[in-house]
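Participant: Got a structure here, written out as structure tokens. Questions coming.
Each value in this text was obtained by applying a stated rule to the coordinates, not by laboratory testing. Owing to the predicted nature of the structure, the values given are computational and were not obtained by experimental measurement. Here the Cβ is made from the backbone with ideal geometry for all residues, glycine too, and neighbour counts use every protein chain on show.
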DNA sequence: CTATACTTTCAGTAGATACTGAAAGTTCCA
DNA sequence: TGGAACTTTCAGTATCTACTGAAAGTATAG
């Protein structure tokens, strides 16, 4: 097998049994983390979060250690500008936090550790940004087509009635989905687990 | 107020009371539908479905009438190629269907009418494409870092342990979420409403 | 106040994605 | 078999999004 490529092979570990094992472990750790980071990045992409942001978050989450901007730049091979903007966006979302280390001048970042909490935050934000506007639009559309606006005979035209019905179906759906979201978010940490348990028992 | 712009004002409705009302209703219907279509398109965009695909689907859903390729092109101002590809993709998803009209040569498309069913289809597909690979990756990563792979002392190094713990947290989350998805999908057509009711009662 | 260490911003660019339109393909009828 | 009606494909192009790198900004220490 070819030698694995390390960033400058300067300090090869002494070949004692203990050191060897420790070195291997570090290498393995790196590999596992990178694997996770890459996958998480891909997944974010499919959502609507861009790859880099998702990767930064994955990095902070998986290492479970506060990291500074340069750590992020180096590990993910991205520019300072990109790192800065993405970190800020993640802070805005609220799923990572700035923190200071005593005696350190630069800022560090760490991920929330509770996955359920992160999910709640994201779900709440998505509801606000996506569900709520749609719901409002549907209500507006229904109003435009109801009897009191159009008059009885016009409102009964076949195509008008059909559209009205479709709007009603969609509204019901969004309302119920919203309620479920609300439950998730309202019950934050413990909530999702409970949702799952309830569902499993009921079916 | 200025006259609203109609595509070629060829046939103005006769100015009887009945016709006037009918014309207004049609205009209003159009406006309401367009509003819905636009919003739905925006929302799709934030997901990962592109705007045009979402708009086509919205159009088919909201009119509740089978439409042919030219109808779609005209209504949404898009090219034939785009319409063709997007319609096919929607068919692949399974949320719209091809259909034939007696005596018509060209094909028509219609949206599923049951919103819950559409949601089930989409949820199932997203689970398969997004959750499942992540879960697999997490398991793989955990394996790389457990005692039987690394040996006792290496596995106990602080950073290795920390990462292992984070992986565990994420795995639990994905598992539970998957279960919930499963419920949604498994109970498909009739089910989602029931899921919602069960949840609402339980909380 | 000046130097140093660090962060943010943003114009420009690279890269990804969506869209068009015309040509090629298919189906069906006479 | 030819041709009309319709659909699909795809090379080329327009549009949008993400990223870089350097310049400007801010905070701290001496």
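Participant: If a/c stays under 1.5 just call it rounded; otherwise compare a/b with b/c (prolate if a/b is bigger, oblate if not). Do that for segment A:36-96, with a ≥ b ≥ c from the square roots of the Cα gyration tensor eigenvalues.
Facilitator: Rounded, since a/c falls under 1.5.
Participant: In what order do A:68, B:141 fall by count of nearby beta-carbon atoms within 10 Å, going from fewest to most? Walk me through the numbers on the way to the answer.
Facilitator: Working: A:68 17, B:141 26.
Starting with the residue having the fewest Cβ neighbours, the order is A:68, B:141.
Participant: Once label points are set 7 Å from the Cα along Cα→Cβ at both residue B:46 and residue B:69, what is their separation, rounded to one decimal in nm?
Facilitator: For residue B:46 paired with residue B:69, the spin-label model returns 3.4 nm.
Participant: Within a 10 angstrom radius of each residue's Cβ in B:25-34, how many Cβ atoms of other chains show up on average? Whole number is fine. If you can, show how the numbers build up before the last one.
Facilitator: On the way: counts 11, 4, 0, 8, 11, 1, 3, 13, 7, 1.
Per residue, the average neighbour count from other chains is 6.
Participant: In nm, to one decimal, how far is the modelled label at residue B:121 from the one at residue A:24, with both set 7 Å along Cα→Cβ?
Facilitator: So the two model labels end up 5.2 nm from each other.
Participant: Quick one: if you stick a label point 7 Å off each Cα along the C-beta vector at residue B:89 and residue A:159, how many nm between them?
Facilitator: In this crude spin-label approximation the distance works out to 2.8 nm.
Participant: For segment A:47-72 and segment B:61-81, what is the separation of their C-alpha centers, rounded to whole Å?
Facilitator: Distance between centres, Cα-based: 42 Å.
Participant: With just the Cα atoms defining each centre, how far is segment B:119-152 from segment A:152-175? Give it in Å.
Facilitator: 43
Participant: Taking each label point as 7 Å beyond Cα in the direction of the beta carbon, state the distances from residue B:31 to the same residue in the other copies, shortest first, in nm.
Facilitator: Copy-to-copy label distances at residue B:31, shortest first: 6.5 nm.
Participant: Taking a point 7 Å out from Cα toward Cβ as the label site, list the nm distances between residue A:146 and the same residue in every other copy, smallest first.
Facilitator: Residue A:146 label point versus its equivalents elsewhere: 5.8 nm.
Participant: First measure r as the distance between the Cβ atoms of residue A:112 and residue B:147, then evaluate 1/(1 + (r/R0)^6) with R0 = 25 Å and state the FRET efficiency to the nearest 0.05.
Facilitator: 0.35
Participant: Moving on to the next point. Which residue in B is nearest the B/A rotation axis when you measure from the C-beta atom, and what is the distance in Å?
Facilitator: Residue and rounded Å distance to the axis: B:48, 3.
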